[in-house]
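Heads up, the thing below is written out as structure tokens.
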Amino acid sequence: MLENNESAFVEFREVSKTYDGSTLSVQDFSLSVARGEFVTLLGPSGCGKTTCLKMLAGFEEPTGGEIFLNGRPVGRVKAHKRNIGVVFQHYALFPHMTIAENLAFPLEARGVSKDAIATGVKRALDMVQLGQFADRRPAQMSGGQQQRAAIARALVFEPDLVLMDEPLGALDRRLREDMQYEIRRLQQRLEVTMIYVTHDQGEAMVLSDRVAVMNEGKIQQVAPPEVLYDEPTTLFVANFIGENNRLDGQLMEWGDDLCRAKVHDAGVVQAFPVAVREGDVHTSLTIRPERVELNPTPGSVANVFEAVVRDVIFLGDHLRIHAELLGNSQFIVKIRNIVGQGAVLPGDTIKLGWLATDCRALDAAAPAESTLAAPN
Amino acid sequence: MMGKSRTQALLLALPLVAFIGITFVAPLGSMVLRSFHDPLVAEILPKTVAALGEWDGGALPPEGVYALLAEELKQARADRTIGRLATRLNRQASGLRSVVSGTGRRLARQGAPPWAEALPRMNKAWGDPEVWHALAQAGRRVTPTYYLNALDLRMDADRGVTQQPEAKRIYRALFVKTIGVSLAITLLCLGIGYPLAWFIAHSPPRRGRLLLVLVLLPFWTSLLVRTTSWIVLLQQQGVLNSLLTWAGIVADDQRLTLMHNMTGTFVAMTHVLLPFMVLPLYSVMSGIQPVQMQAASSLGARWPRAFRRVYLPQSMPGVGAGCLLVFILAMGYYITPALVGGQSGQLISNFIAYHMQTSLNWGLAAALGSILFVAVLMLFLLYDRVLGLDRMRLGS
């Protein structure tokens with residue numbers, strides 16, 4: 001048994017969930033969340049992030065493992081006793097009640113006195129600037145207003161933990177950005193612990209103290225946003241968060257902080273070994289487009305290769321070059337738009353270079369290769 | 001001015017309007033008309049009825065009236081309409097059938113003025129003022145008689161409305177019983193149908209579809225077959241009684257009477273009407289997202305509170321629609337009680353059918369039918385006033 005993590009407010013310990021008995025929706029999911037922390041579960045749809053939320057809220061039971069809330073296992077605690085505020089994907093406001101009645105519902109269930117309910121509801125509505133909408137029905141309000149009402153309802157009974165399941169998915173872009181800011185502000189002001197589920201990496205970056213990236217039921221990496229971007233530990237995270245170039249290569253030699261890999265039978269790339277282990281043959285090398293240098297000063301970077309320009313896109317503050325390099329025909333380079341830089345045109349042959357430390361050698365778990373590697 | 005497209009639309013709708021008019025409005029209208037408009041006596045005995053209109057209603061009508069009656073009865077016999085007249089008058093005052101047809105027969109062979117003496121000699125009933133009153137009443141084209149009869153009332157000789165003698169009072173009690181039984185069956189259907197619809201609506205799609213088919217299956221079976229199956233199950237030598245006897249729960253000589261009484265009507269009608277409750281409920285419930293109940297429990301509500309405050313109010317449109325459907329159908333149900341209801345399990349519709357088919361008292365059948373129609377209509381309006389028809393939903 002693992003030690004009980006004293007500082008964790010929420011802890012998933014090797015939690016698994018299967019709906020049909022054969023495929024695991026969530027697999028060995030372990031995650032600790034500290035009190036007051038904002039943690040986002042990020043991943044493509046169907047990766048099991050919502051299932052994790054449902055298990056924590058008490059709507060689903062884990063098939064294996066245990067979830068702890070405030071140090072106590074919640075396996076036998078019914079959903080209505082967990083005192084967790086939940087904001088659902090499509091708000092799940094009660095359509096037959098006014099907004100004020102919706103907000104009063106959790107307080108009534110807790111046996112709060114009439115006066116206290118009235119003041120609590122008013123305070124919560126003012127908090128999300130919905131004071132004048134108290135007597136409206138959900139259907140009489142816009143999506144953004146309904147969203148704010150749903151958030152107010154999840155906060156009105158002052159829970160220690162709030163879960164949000166893609167709460168901004170149905171809103172348009174502009175509104176989404178406003179709401180992100182508002183959610184962050186509320187979370188910090190109320191010092192509530194927040195677990196947030198989204199498939200939008202931008203949203204995760206803006207909101208979270210830490211992000212847990214999930215894929216196919218498994219946690220890929222848990223880290224603060226900047227670490228996730230700069231130091232992805234798996235190929236999935238490297239590709240999912242931001243843009244990345246990928247070169248597939250054969251590992252030639254590797255050490256503690258440097259490895260070499262042969263790419264496309266042509267070049268030898270030096271890289272920083274992140275997720276390569278002894279015995280690995282294949283690796284995926286990733287380089288962020290903005291870390292690639294155009295025509296680098298000789299000797300300044302370990303990796304310099306010739307590339308053929310396919311396309312150049314002018315984006316104001318930067319240029320985006322699509323080039324063919326070491327067999328990758330979609331190698332992307334972002335170059336800052338600065339004065340005195342010679343024009344780059346499609347068809348040109350250019351030199352591209354990058355530091356060995358900016359090139360991360362990751363697992364080669366791409367589906368195409370694994371099927372090729374299998375002999376039968 | 002009417003646009004061309006509007007004219008076209010009206011023309012396109014014309015066949016439908018005609019169809020509704022011919023198959024629905026016209027029969028219904030003629031039925032309602034029949035319940036208070038009865039020109040039979042006035043048409044066969046026009047002069048007598050007219051003369052009776054001027055009669056002061058004292059002891060006996062004058063000689064002129066007797067003469068006219070004799071003449072018109074002779075004519076009616078020649079026209080072969082006297083049988084219908086006799087039947088109709090017998091309904092007004094029992095015994096008049098033989099009086100009229102007997103008098104008709106004798107008038108064909110004999111009789112001479114003064115008729116005021118001749119007629120009472122042929123049948124002494126013609127010397128009774130009550131008979132003349134009955135004739136005068138029956139002669140009115142517009143008559144409240146059928147409605148009065150349908151409400152266990154009758155018209156006196158002095159034209160006051162009084163209760164029927166106790167032995168003949170049946171319809172008011174029957175209306176009350178029909179409404180009571182319909183309400184009880186509606187509640188039974190709701191009690192069984194609500195959990196059933198809940199279960200179907202919140203089953204996994206495959207199982208839900210299968211269960212829905214099972215609910216609908218009886219719809220595809222003839223009503224007669226379904227009702228007859230209940231006879232097989234419920235009769236004294238039937239499946240259920242045999243099982244109970246076999247299990248030793250009921251002694252062989254004390255087999256339960258489960259049909260040809262109210263029990264049979266209740267069981268079979270609840271079964272027949274259940275789909276009408278389940279379908280609207282299912283359709284409304286499947287529109288209620290499961291996340292609603294999750295939201296309620298995450299907000300701290302136990303299941304009963306969540307159900308009462310969140311689920312039940314949202315399912316009410318289905319409850320309303322289902323109850324209204326079942327209740328209205330039950331009010332007019334006829335075949336099932338006729339087959340399994342026996343003597344005590346008969347409802348108002350069975351008496352309407354009896355008067356339509358057996359006693360041929362169409363006026364009374366029409367009056368009973370009209371009262372039933374108005375009663376249902378009033379309940380419908382009451383429902384609208386209390387719950388709101390616009391809140392009723394057959395689908396989501």
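The values are calculated or read from the model by the stated rules, or taken from the named source; none is laboratory data. Treat the numbers as computed from the prediction; the structure is a model and nothing was measured. A quick note on method: Cβ atoms are made from the backbone with ideal geometry, for glycine too, and the neighbour counts reach across all protein chains shown. These accessible areas exclude ligands, DNA and RNA; they are computed on the full protein's heavy atoms, side chains included. Shrake-Rupley method; radii C 1.70, N 1.55, O 1.52, S 1.80 Å.
Where a ≥ b ≥ c are the square roots of the eigenvalues of the C-alpha gyration tensor, would you call segment A:60-200 rounded, which needs a/c under 1.5, or, failing that, prolate if a/b is larger than b/c, or oblate? It comes out oblate by the Cα gyration axes. What aspartates and glutamates does B:Lys168 reach when the alpha-carbon gap must be under 18 Å and sequence neighbours fewer than 8 apart in one chain are set aside? Partners found: B:Asp152, B:Asp156. Return the single residue from B:Leu89, B:Leu224, B:Leu40 with maximal mean-square fluctuation; model: Gaussian network over chain B, springs between Cα atoms under 10 Å. Its mean-square fluctuation being the largest, the pick is B:Leu224.
Over segment A:243-373, accessible surface divided per residue gives 53 Å², non-protein components excluded, 1.4 Å probe.
For segment B:277-304, a reduction of at least 50 Å² in accessible area between the chain on its own and the assembled protein chains (probe 1.4 Å) is found at B:Gln292, B:Gln294, B:Ser298, B:Leu299, B:Gly300, B:Arg302. Think of each Lys and Arg Cβ as +1 and each Asp and Glu Cβ as -1; about the Cα centre, that makes the dipole of segment B:138-194 roughly 180 debye. Once the chain from B:Ile170 to B:Val239 is taken as fully extended at 0.36 nm per residue, the excess over their C-alpha distance is 21.4 nm. Ranking A:His322, A:Leu168, A:Gly71 by Cα position along the charge dipole of the protein assembly as shown, where only Lys, Arg, Asp and Glu carry charges on their C-beta atoms, puts A:Leu168 farthest toward the positive end. Charged side chains reduced to their Cβ positions (Lys and Arg at +1, Asp and Glu at -1) give the protein assembly as shown a dipole of some 4500 debye around its Cα centre. Label separation (B:Lys47 vs B:Leu10): 5.0 nm, computed from points 7 Å beyond Cα along the C-beta direction.
Positive contributions from Lys and Arg (+1) and negative ones from Asp and Glu (-1), summed over other residues with Cβ under 12 Å from the Cβ of A:Tyr229, come out at -2.
Within segment A:77-94, the residues that become at least 50 Å² less accessible when every protein chain is included than when their own chain is isolated (1.4 Å probe; DNA, RNA and ligands ignored) are A:His80, A:Phe88, A:Phe94. Extension gain for B:Asp128 to B:Ser94 (0.36 nm times residue separation, less C-alpha to C-alpha distance): 10.9 nm.
When all protein chains stay in place, what accessible area (Å², nearest 10, 1.4 Å probe) is found for B:Phe36? Around 80 Å² of this residue is reachable by solvent. Calculated FRET efficiency, B:Trp246 to B:His37, Cβ-Cβ distance, R0 = 60 Å: about 0.50 to the nearest 0.05. Across the cross-link table entries A:Lys54/A:Lys114; A:Lys17/A:Lys81; A:Lys54/A:Lys218; A:Lys49/A:Lys334; A:Lys49/A:Lys114; A:Lys218/A:Lys262, which are compared at the Cα atoms, the separations over 27 Å belong to A:Lys54/A:Lys114; A:Lys49/A:Lys334; A:Lys49/A:Lys114; A:Lys218/A:Lys262. Using a probe of 1.4 Å, the accessible surface attributed to A:Met252 totals some 100 Å² when neighbouring protein chains are kept in position. Name the longest site-free stretch of chain A, where the excluded sites are GluC sites (Glu not before Pro) in a DSSP loop with no more than 10 other beta-carbon atoms within 10 Å. The reported range is A:7-190. For segment B:179-271, what does the alpha-carbon gyration tensor say about shape, rounded, prolate or oblate, given a ≥ b ≥ c as the root eigenvalues, a/c under 1.5 as rounded, and a/b over b/c as prolate? It comes out prolate by the Cα gyration axes. Taking B:Pro120, B:Pro337, B:Pro275 in turn, the Gaussian network model of chain B (Cα-Cα springs below 10 Å) assigns the largest fluctuation to B:Pro120.
Restricting the trypsin sites (Lys or Arg not before Pro) of segment B:1-82 to loop positions (DSSP other than H, G, I, E, B) with no more than 12 neighbouring Cβ atoms within 10 Å leaves B:Arg80.
A Förster distance of 25 Å, applied to the separation of the beta-carbon atoms of B:Ile22 and B:Tyr334, puts the FRET efficiency at 0.60. Think of chain B as having a plus end and a minus end, set by charges on the Cβ of Lys, Arg, Asp and Glu; of B:Ala108, B:Met378, B:Cys323, B:Cys323 sits farthest toward the positive end of this dipole. Of the residues A:Phe240, A:Phe88, A:Phe305, the one that moves most in a GNM of chain A with alpha-carbon contacts below 10 Å is A:Phe305. Between A:Ile338 and B:Leu379, the FRET efficiency from the beta-carbon distance, with R0 = 51 Å, is close to 0.05. Chains A and B together bury roughly 1800 Å² of accessible area, counting both sides, with a 1.4 Å probe on protein heavy atoms only. By accessible area, using a 1.4 Å probe on protein heavy atoms only, segment B:171-391 has 71% of its surface on carbon and sulfur.
In the protein assembly as shown, the calculated helix contribution to ellipticity at 222 nm averages -14500 deg cm²/dmol per residue, counting -39,500 (n - 2.57) for every DSSP H run with n ≥ 4. Think of the protein assembly as shown as a dipole: +1 on every Lys or Arg Cβ, -1 on every Asp or Glu Cβ, centred on the Cα centre; then among A:Gln201, B:Leu279, A:Val309, B:Leu279 lies furthest on the positive end. Heavy-atom accessible surface of chain B, averaged per residue, reaches 53 Å², computed with a 1.4 Å probe. Here the Karplus curve 6.51 cos²θ - 1.76 cosθ + 1.60, taken at θ = phi - 60°, turns the phi angles of segment A:31-44 into couplings of 7, 10, 10, 7, 4, x, 7, 10, 10, 10, 9, 10, x, x Hz, with x standing for Gly and Pro.
Quick one: check the C-alpha center-to-center distance for segment B:305-376 versus segment B:1-31, whole angstrom. Cα centroid of segment B:305-376 versus Cα centroid of segment B:1-31: 29 Å apart.
Around the Cα centre of segment A:57-144, unit charges on the Cβ atoms of Lys, Arg, Asp and Glu (plus for the first two, minus for the last two) sum to a dipole of about 180 debye.
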